[in-house]
Structure formats: structure tokens, C-alpha cells
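For reference, the structure is listed below as C-alpha cells.
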Amino acid sequence: MGNWEENVRKVVPYVPGEQPKRANIIKLNTNENPYPPAPGVEEVLRQYQASELRKYPDASATDLVNAIAENYGVQASEVFVGVGSDDVIAMSYLTFFNGKDPILFPDITYSFYDVWAEEFRVPYVTIPLDQDFHAVLSDYDRPCGGIIIPNPNAPTGITEGRAFYEELVKRHPNQVVIIDEAYIDFGGESMLPLIHTYDNLLVVQTFSKSRSLAGSRIGFAIGNEKLIKYLMDVKYSFNSYTMDSVTIQLGRAAMEDKAYFKECVGKIIDTREWTKQELKRLGFVFGDSKTNFIFAKHPNLDAAEVFQELREEGIFVRYFPKERIKDYLRITIGRREEMETLIASLEKKVQAKSC
Ligand SMILES: *Cc1c(COP(=O)(O)O)cnc(C)c1O
């Protein structure tokens, strides 16, 4: 037996939320959209000719890039697309996080950030959120190789408001600051209007949540032309054809249907606010979520236990067995009926504990 394993890149992988095979479950564990994608997406699938697949896709995904640029009022040269924002962020790490100083991100945040740092051997330091899960601006005043932070944060659902993130970008002109806006469409204030003011600001968004296309894997970054050019160079040096021909058209169709998008997001926000009221009535404690999920704890309930019990009832939520957040459940906002079933089940558990 040789010792080839000494030369292996060993990583502790990110653990994605469960995708259960059982039918008739209520799936509130991976922040998917409960509504189907825009009708135009289905139309693209129906019309697509299999014979087209013999050709390589358009490496620059022009139709999709143009639809995104048009929607946000930016130039196509300011848009980068990838296979989910996970791919976009991974490429951004490779491209922008090459300094000697550690990159910074919150201690409680998207659990992929430290995985990429480990994988790409980027030094990093996590900056603790305060006890109410808010980020503290002055804690980021230190030499660093870059910053990545979600607006709003995950899994807390909390946003710090545009002024906070702007200040972060302004105070670090010599580093790229990546604002991960995976959930921005559910009520946060996007940083997109500031991409021409700050040449070190990269805003990343996704079609997975607000546009109901998690299964198609589409993410994008918007920033000044120079940032995008550097990202493209790295992407083309890695895999030129990341996005397939069908997905390019599915994404275009989803982006073009603005009315449908608005309607879906509106329904989810309404259901979220209803769910907040109900959770509050039951005694749950949570921050003011501007996302399609609520991160909540209950003084009398054991989160790990509730997670298991709900799972047995066919209601899947997310639980993170990590020190500062082990009392919390992350509950995705589904359809109103699904949330009613969840609330009814939680109500029984709360009542059982109080008598
Ligand atoms: C869901 C999510 C992503 C990744 O989404 P993709 O499906 O890869 O586009 C990135 N960042 C955060 C904070 C997320 O919650």
C-alpha cells in the first residue's frame, strides 16, 4: 500500500439540507420556493428540441445575461452567471481572495463560507454576531483579504440595512467585498444601486429562492466591469461551459416574467408575516426575518426534539447542531396551508409542555 493519500486535498464538505424521497411531506427545510417557476419556463421545456443538445452551449450565456442586465438596468459586461450562486461564490473566492490576510465573515452565517475557505486554502477569521444576531460594524475594522456577508444573513434572516453594508464596502476599498443577496427579493434593500459607486463591491444573487429554480442551478454576480472580467478569466480557466443550453433559456424566461415574480414573492411575504404572528402567539422568539424563512426558538421546547418529531410527522424543517444556534429551528415559508399544518403541530407541542 502506498501513501498517495498524503497528497489528497482533504475537505470537510458542506452538508446540504435533506431531499426526502417520501411523498406527501411538507418540505420547509431548504428554503425552496413553494410555487412553480414562471409559466414561460415550462413553455421552454416543452418546446426544447433534443437535437439542439449535440452542440456546446453558448459559453457566455448571452440570452440569460442580457435578461438579467435588462431587469436590473446594468450593462451585460457587469453580469457574471454561474451554476447556482454556490458556483458564483466559489469562483469569486478563487478570483478575489488571494491575499495573505484572512478574509472575514460572520460566525453565524451560510455554512458554505468556511468550507470554500478550507478547500481553496484561503485564511479566514469569523466575526461574532452580537447576542441578538446583529453584525457589529467596528469588528470588521481590521486588516483583511476580503469580506463576504449575506444581506439578509442566513440562517438568521436578519438584515443590517443598506447603510451598514455600504459602510463595510467603503471602509475596505483595497479588498473585494461580496454581498450575498440570496434572499434579497423577500424584503431587504439590495446593494445593486451602489455597484457604480464602489468598484470593490460584488453583489451575488440566485434564481433558487425567489424565482423557484433551485433545480436548475442559476446564480449571478453583478459588479463593475473589471471585477466581472477577472471572474470570467478564472471561470474560463476552470470550465468554459458551466451552464447548459436548456438552463440558459429557463433562466431567461424566469427573469422576463416580472409580474409572476412579483406575485409569488408577494404571497410568500404575506405568508411569512402571518407565520410570524402565529409563532409569536405560541411564544416563539425570533428576529425580524426579511427572507423566505424564520429562525425561531421557544423557551419551553427543545429544538432538536421538535425537529425530530416534526420529521416523523412528515414536516421537514432545518436544525443546526452548532453551539450558538442549537436552540433554533429554521423554518422555510411554504404555502399558507402548509404553514397552517406546521402551526397546528407546534401548538400541540407547546400545550403539552405547559401542563
Ligand atoms: C441558498 C443560498 C445560496 C446558494 O444558492 P444557489 O442555489 O447555489 O444559488 C447562497 N448563499 C446563501 C446565503 C443561501 O442561502
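All of the numbers you see were taken from the coordinates with simple rules; none came from a lab. Quick caveat, the model's predicted, so the values are computed rather than measured. Every residue, glycine among them, receives a Cβ derived from its backbone with ideal geometry; neighbour counts consider all protein chains shown.
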What would the Debye equation give as log₁₀ I(q)/I(0) for the chain at q = 0.06 Å⁻¹, counting only Cα atoms as equal point scatterers?
-0.23
In whole percents, the bins of 10 Å from zero upward hold the Cα-Cα pairs of segment 66-220 as 11, 43, 38, 8, 0
Dividing the helical contributions, -39500 (n - 2.57) per DSSP H run of n ≥ 4, by the residues of the chain yields a 222 nm value, nearest 500 deg cm²/dmol, of -11500 deg cm²/dmol
Rounded to the nearest 5, what is the percent of antiparallel bridges among the DSSP beta bridges in the chain?
50 percent
Per-residue Cβ contact counts at 10 Å, fewest first, order 116, 274, 4 as 4, 274, 116
With equal scatterers on the alpha carbons only and no solvent term, can you work out the Debye log10 of I(q)/I(0) for segment 81-155 at 0.23, 0.26 1/Å?
-1.11, -1.32
By a straight-distance test (C-alpha under 28 Å), which lysines pair with residue 267 as possible cross-link partners, with residues fewer than eight away in the same chain excluded?
21, 27, 209, 258, 276, 280, 290, 297, 348, 349
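So for segment 212-355, what percent of the C-alpha to C-alpha distances run longer than 17 Å? Working shown, then result.
Working: 7219 of 10296 pairs.
Cα-Cα pairs of segment 212-355 separated by over 17 Å account for 70 percent.
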Using only the alpha carbons of segment 34-143, what is the convex hull's orientation-averaged projected area in square nanometres?
11.1 nm²
Give the order of 201, 342 when sorted by the count of other beta carbons within 10 angstrom, beginning with the fewest.
342, 201
Relative to a virtual label point 7 Å from the Cα of residue 8 in the Cα→beta-carbon direction, which members of segment 118-150 show backbone nitrogen distances below 19 Å?
118-121
Compare the peptides 126-139, 26-39 by average per-residue count of other Cβ atoms within 10 angstrom and give them in order, highest first.
26-39, 126-139
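Report the local net charge at residue 204: Lys and Arg +1, Asp and Glu -1, summed over other residues whose C-beta lies under 12 Å from its C-beta. Before the final figure, lay out the partial values.
Values: positive: none; negative: 86, 87, 180, 181.
Around residue 204, the charge tally is -4.
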